[in-house]
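In what follows, a structure is listed as structure tokens, so that the remarks can point back to it.
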Amino acid sequence: MAVSDTFRKFKRHYHTTKRAYFEAAQNSCLGFSISHKQGEQVKYTENSPERDKTSRFVTLVHKFLDERSDLHYGKVLGLIKSDFPNITTAEDFEAIETGIVSIENGVMPIKYNEKDFTAKQIFKLIAEAGYFERSDSPKKLFAEIAQAPFAHNLFWCQFKDYAFNTFRIMSVIFDLIRAVENHEE
């Protein structure tokens with residue numbers, strides 16, 4: 001696929017995803033609360049956007065997050081970096097890549113049975129365990145995780161948080177594409 005076709009497809013999908021992002025994130029923020037009073041069961045409450053709006057957004061952003069997609073953010077950023085190195089400085093690219101690593105790691109480390117999970121790994125696990133496809137190993141692991149108190153909830157919260165946070169990456173790439181298109185070369 002030609003660079004211009006990739007950019008055109010990225011921008012078109014970005015605009016659709018951006019509308020879904022703002023619809024989903026409009027009146028709520030992600031988070032959760034846990035409360036417990038002696039003699040009562042622990043209560044878990046999650047704050048998140050409406051389920052249908054979140055699902056639509058996650059489905060759209062997945063095209064940018066799926067490593068098999070021609071619109072995967074790493075591929076498009078790599079294309080910009082290799083084909084248009086003068087569009088921004090090496091320091092800017094380094095800052096972008098540092099930001100990506102931070103988003104991929106997530107805001108809080110999660111360890112399950114002595115295995116560390118980054119936000120990106122959790123997103124991929126849930127995606128492969130049935131959200132987008134059904135793979136036996138991820139499905140089995142996520143079913144096991146669901147048995148641990150609150151682990152299932154924390155993984156889902158991290159899944160959604162990762163999807164929403166990665167949209168910032170897409171916005172930066174969109175701005176880079178526009179800079180390429182407006183550059184004198």
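The values are calculated or read from the model by the stated rules, or taken from the named source; none is laboratory data. It should be emphasised that the depicted structure is a prediction, and the values quoted were computed from it without experimental measurement. Using ideal geometry, Cβ is built from the backbone for each residue, glycine included, and neighbour counts are taken over all protein chains shown. Accessible surface is based on the protein model in full, side chains and every heavy atom, while ligands, DNA and RNA are left aside. Shrake-Rupley method; radii C 1.70, N 1.55, O 1.52, S 1.80 Å.
Applying the criterion of at least 1 residues that are more than 20 Å from LEU65 (Cα to Cα) and without any contact (Cβ under 8 Å) to a residue 24 or more places away in the chain to the helices (runs of 4 or more DSSP H) found wholly in the range 100-185 leaves 136-146, 151-182.
Rundown of residues vs (1) among the polar types (S, T, N, Q); (2) in contact with a Phe, Trp or Tyr (Cβ under 9 Å, 6 or more places away or on another chain), yes/no style:
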| site | (1), (2) |
| --- | --- |
| PRO85 | no, yes |
| THR88 | yes, no |
| ILE96 | no, no |
| VAL101 | no, no |
| GLU104 | no, yes |
| ILE110 | no, yes |
| ASP116 | no, no |
| PHE123 | no, yes |
| GLU128 | no, yes |
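Pairing residues of the range 54-72 that are more than 14 Å from THR6 (Cα to Cα) with residues that are open to solvent by 10 Å² or more (accessible area, probe 1.4 Å) and among the basic types (Lys, Arg), at Cβ distances under 8 Å and at least 6 apart in sequence or on separate chains, gives THR54/LYS160; VAL58/LYS160.
I want to confirm something. Restricting to the range 56-77 and keeping residues that are assigned to a helix (DSSP H, G or I) and open to solvent by 40 Å² or more (accessible area, probe 1.4 Å), which single residue is nearest to ALA25 (Cα to Cα)? Result: ARG56.
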